[in-house]
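> I have a structure here, written as structure tokens, and I will follow up with some questions on it.
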Amino acid sequence: MRNIFGLFVILALFASCKRDNVNTSVFGTADLNKLNRKLLEIAMEDGFPPPIASRVYVYPHIGNYLVLEQFYKDSLPALMPKLKGLGDLSGLNKENVNPELASLLTFTKIGKKVIFSEFYMGDARDSLLLEAKKRGLSENVIQASDVYSDSISAVLQRWMAKDNYVNTRTMDRYTSVKQPGRWKETPPDYIQALEPHWGKIRTILIDSASVYNASKLPEYSTQKNSEFYKMALEVYNESKNLDSTKIATAWFWDDNPNTTDHRGHSVAIIHKISPPGHWLNIIHQISEKENFSFLKTSKAYTLSAIAMFDGIISCWYQKYKTDLVRPISYIQENIDVNWIPLIQTPPFPEYTSGHSVLSAAAATVLNQVVSENYKFHDDTPIMFGALPRDFNSFDEAAWEVSLSRYYGGIHYMQGIKEGNTQGKFIGNLVLSKLK
């Protein structure tokens, strides 16, 4: 009888230890990909322009990463010490905390703070807690993980609040000066320039928005023998000779989150994935195909999101510093009054190309996190009617992004070349900061 009783005690202890095993990997890459996808969908529904979308994406992924960094210091580059003004997180109570659950919960709590449709992330948190129970985590572990994520989230939210985003909401709107060579509102909507103060947003890893010095532009001129006229004429001539491949390339990478469709007096707004969201979805596809670990997927998402966020800040600083006229304005005034580009011109200055910057920045990071010359398949825009495409490397994809803006008629060749160079510079700088 004593032997049977002793066996019951041992089994009970074993079951208790099993329930409270905080290191049980009950959450994995699929769960992080699901949350990332949910965030992309929310950003599309909320209609965030690319700069704000980059902020929406970066902070939840940083939250997820910071939790994992506290538990897997030897497996991830140290990000916490690099975040200026964040503070030390190492003293938080880790007892009974499941790292993956806590990181995902932190993702939802930070995500809730950067979107309009907050209830979606609230629902995501509730679903995680239910899944934790279904997958066998004890109440002690679930509660400890939730409390730990609250602590991390509170620290991160205080840090986020100091990035100058709120202040830029109160700054003066941008007014075009209607001077030759300067940016002006473009058809079909003629709306004011978006995010003129984005260059004042606090960067995450690069030292400042002005860290990159862009090449000098040709002097503005309407003379047909001038370099500026030739630069614009090149865009015009290209638009007249687009083949089906170039047209498909332009639409594949259009990624305009707020395209307008004008039909008579009716105007419809079409929400698409934003440029940084497109690259995060590429990571989703690759992580599934290659069966990446939770940590490697987190690293790919977070470092790419940081590079794109810092890249857009640097790019927007350059855009409003040069305040360069878009091809549509110059061409209609000096070459062909009836000319319309293939894709809709976004409402902000031309130089440098934002999609080129963030794509090259993301590609540079992924070259290190995944590998150089990595061949991949991308079906991100199929929901918008584009066919999937295959690439031989991340750099090849990033350069195709740049060319897509040229084919689309919204950028000069110098704008896309310089944007690609700027993006590589920012990506390498981000990586160097983490070494």
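> To the nearest 10 Å², what's THR364's accessible area with a 1.4 Å probe?
In the full protein context, THR364 sits at about 10 Å².
> At 222 nm, what value in deg cm²/dmol follows for the chain if DSSP H runs of at least 4 each add -39500 (n - 2.57) and the sum is divided by all its residues, to the nearest 500? Don't jump to the answer; show the numbers that get you there.
On the way: 15 runs with 242 residues, N = 435.
The per-residue figure over the chain is -18500 deg cm²/dmol.
> Between segment 225-252 and segment 181-208, what is the C-alpha centre distance in whole Å?
24
> Right, another one. Convert each backbone phi in segment 190-201 into a coupling constant with the Karplus relation 6.51 cos²θ - 1.76 cosθ + 1.60 (shift: θ = phi - 60°), then list the ³J(HN,Hα) values in order as whole Hz, x for Gly and Pro.
Using θ = phi - 60°, the values come out as 6, 8, 5, 4, 7, 6, x, 9, 5, x, 8, 5 Hz.
> If I compute solvent accessible area with a 1.4 Å probe over the protein chains, what percent of it on segment 334-435 is carbon and sulfur? Let's see the in-between values first.
Details: 1810 of 3600 Å².
Summing carbon and sulfur atoms, their accessible area is 50 percent of the total for segment 334-435.
> Provide the per-residue ³J(HN,Hα) series for segment 241-255, in order, calculated from phi with Karplus coefficients 6.51, -1.76, 1.60 and θ = phi - 60°, each as a whole number of Hz, with x at glycine and proline positions.
Values per residue, Gly and Pro as x: 10, 6, 9, 5, 5, 5, 5, 5, 5, 4, 6, 4, 9, 3, 6 Hz.
> In debye, nearest 20: dipole of segment 25-167 around its Cα centre with unit charges on the Cβ of K, R (+) and D, E (-)? List each step's numbers first, then the result.
Working: 17 positive and 17 negative charges, 53 e Å.
Charge dipole, segment 25-167, about its Cα centre: 260 debye, nearest 20.
> Debye sum, Cα scatterers, segment 356-435, no solvent: what log₁₀ I/I(0) at q = 0.14, 0.16 1/Å?
At q = 0.14, 0.16 Å⁻¹ the computed log10 ratios are -0.49, -0.63.
> Can you run phi through the Karplus equation (6.51, -1.76, 1.60; θ = phi - 60°) for segment 338-349 and list ³J(HN,Hα) in whole Hz, with x for Gly and Pro?
Calculated HN-Hα couplings, in order: 9, 6, 10, x, 4, 10, 6, 6, x, x, 6, x Hz.
> Please give the helix 118-134 orientation as an angle from the longest Cα principal axis of the chain, in degrees from 0 to 90, rounded to the nearest 10.
The angle comes out at about 30 degrees.
> Under a 10 Å cutoff between Cα atoms, tell me which one of SER103, SER90, SER149 has the largest fluctuation in the Gaussian network model of the chain.
SER90
> Moving to a separate point now. So how tilted is helix 354-369 from the main axis of the chain? Cα-based, degrees 0 to 90, rounded to 10.
The helix 354-369 is inclined about 40 degrees to the chain.
> Could you give the accessible area per residue of the chain, probe 1.4 Å, as a whole number in Å²?
On the way: 19010 Å² over 435 residues.
About 44 Å² of surface per residue is accessible.
> May I ask for the net charge around LEU68, where only other residues with Cβ less than 14 Å from the Cβ of LEU68 are counted and Lys, Arg are +1 while Asp, Glu are -1? Before the final figure, lay out each step's value.
Working: positive: LYS73, LYS94, LYS296, LYS299; negative: ASP31, GLU69, ASP74, GLU100.
Every neighbour counted, the sum reads 0.
> Amide H to amide H, which residues 5 or more places from LEU324 or on other chains are under 5 Å from it, using H placed in the peptide plane?
Hits under the 5 Å cutoff: TRP183, GLU350, TYR351.
> Please state the charge dipole magnitude for the chain, taken about the Cα centre, from unit charges on C-beta atoms (+1 on K and R, -1 on D and E), reported in debye and rounded to the nearest 20.
Roughly 840 debye for the chain.
> Going toward the positive end of the dipole of the chain, with +1 on Lys and Arg Cβ and -1 on Asp and Glu Cβ, which of TYR212, TYR330, TYR174 do you reach last?
The one lying farthest along the dipole's positive direction is TYR212.
> Also, I was wondering about something else. What nm value, rounded to one decimal, do you get for the distance between LYS94 and LYS133 when each label is placed 7 Å out toward the C-beta?
According to this spin-label approximation, the distance is 2.9 nm.
> Just to verify a number: FRET efficiency for GLN179 and LYS216, C-beta to C-beta distance, R0 = 25 Å, to 0.05? It would help to have the intermediate numbers written out before the result.
Values: r = 19 Å, r/R0 = 0.75.
Calculated transfer efficiency: 0.85.
> Between helix 50-71 and the chain, what is the angle of the helix's C-alpha long axis to the longest principal axis, kept within 0 to 90° and rounded to the nearest 10?
30
> Identify the chymotrypsin sites (Phe, Trp or Tyr not before Pro) of segment 155-257 meeting these criteria: DSSP loop state and at most 10 other C-beta atoms within 10 Å of the C-beta.
Details: sites: TRP159, TYR165, TYR174, TRP183, TYR190, TRP198, TYR212, TYR220, PHE228, TYR229, TYR236, TRP251, PHE252, TRP253; in loops: TYR174, TRP183, TYR190, TYR212, TYR220, TRP253.
Counting only loop positions with at most 10 other Cβ atoms within 10 Å, the chymotrypsin sites (Phe, Trp or Tyr not before Pro) in segment 155-257 are TYR190.
> Going out from 0 in 5 Å bins, what whole percent of all Cα-Cα distances in segment 147-253 drops into each bin?
2, 8, 9, 11, 15, 16, 14, 10, 7, 4, 3, 2, 0, 0
> Could I ask something else about it? Work out how much length SER293 to PHE384 would gain on full extension: take 0.36 nm times their residue separation and subtract the Cα-Cα distance, in nm to one decimal. Present the calculation step by step, with values, prior to reporting the outcome.
Working: separation 91, 0.36 × 91 = 32.76 nm, distance 3.00 nm.
Residue separation times 0.36 nm, minus the Cα-Cα distance, leaves 29.8 nm.
> Among [x] 66, 49, 40; [y] 65, 43, 37; [z] 103, 44, 42, which one is Cα extents along the principal axes in Å computed from these coordinates?
So the structure-derived entry is [z].
> From zero up to wherever the largest Cα-Cα distance of segment 71-155 sits, split into 5 Å bins and tell me the percent of pairs in each.
3, 14, 22, 24, 19, 13, 5, 1
The values are calculated or read from the model by the stated rules, or taken from the named source; none is laboratory data. None of the values given here were measured: they were computed from a predicted structure. We place every Cβ from the backbone using ideal geometry, glycine too, and count neighbours over all the protein chains shown. Calculation scope for accessible area: heavy atoms of the full protein, side chains included, ligands and nucleic acids excluded. Shrake-Rupley method; radii C 1.70, N 1.55, O 1.52, S 1.80 Å.
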